[in-house]
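Have a look at the structure below, then the notes.
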């Protein structure tokens, strides 16, 4: 999708995130001298074209008190992983859940579910719930606890692009 001047201005105005106000598209539009509707429409076309993958809120779990964050990894029967993964992803303690290929023999896990808790014990309890849900379809699992906060960024343009 070729970018025009407005696209570049829109990306520059939003690459640090949308404003934390009740009407963020209107606020971006005001910065650019256009309507909020034009901002929404153009971002929608960028989504459809695949230039932007998603627009969403990214909470800082640490600031919210969820300091024991762990990626739970599961070795789930391939014939059941999609159905069970949807069920795992719907659990309240899971912020995101996805399937990935195994890398045998060192990495047998094919289902990943990010868990957030105020303590490691709370995260382990959530993992126990997942283990019960997966039942005999799960052969093994582990929890990889976060050791650093990674800065998530939005769409960026390289200078001169």
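Compute the helix-to-body angle for 36-49: its Cα long axis versus the longest principal axis of the chain, expressed 0 to 90° and rounded to tens. Approximately 50 degrees, to the nearest ten.
Which angle between 0 and 90 degrees, to the nearest 10, do you get for helix 120-134 versus the longest principal axis of the chain when only C-alpha atoms count? Its long axis makes an angle of about 80 degrees. Placing a label point 7 Å from the Cα of residue 103 along the Cα-to-Cβ direction, the residues of the range 72-91 whose backbone N falls under 18 Å from that point are 72-76.
Distance from the Cα centroid of the range 112-142 to that of the range 77-109 is 11 Å (rounded to whole angstrom). Against the chain, whose longest principal axis comes from its Cα atoms, helix 5-14 is set at around 50 degrees. Pairwise Cα distances in the chain exceed 24 Å for 51 percent of all pairs.
Across the range 5-49, Cα-Cα pairs more than 13 Å apart make up 50 percent of the total.
Rounded to the nearest 0.05, the FRET efficiency derived from the C-beta distance between residue 21 and residue 45 at R0 = 22 Å is 0.45. Modelled spin labels at residue 120 and residue 1, positioned 7 Å past Cα toward Cβ, are 4.4 nm from each other.
Dividing the convex hull volume of the alpha carbon atoms of the range 70-145 by its residue count gives 77 Å³ per residue.
Values quoted throughout were computed directly from the atomic coordinates according to the rules given, and no laboratory measurement underlies them. Keep in mind it's a predicted model, so treat the numbers as computed, not measured. Please note: Cβ atoms are built from the backbone with ideal geometry, for glycine as well, and neighbour counts cover all protein chains shown.
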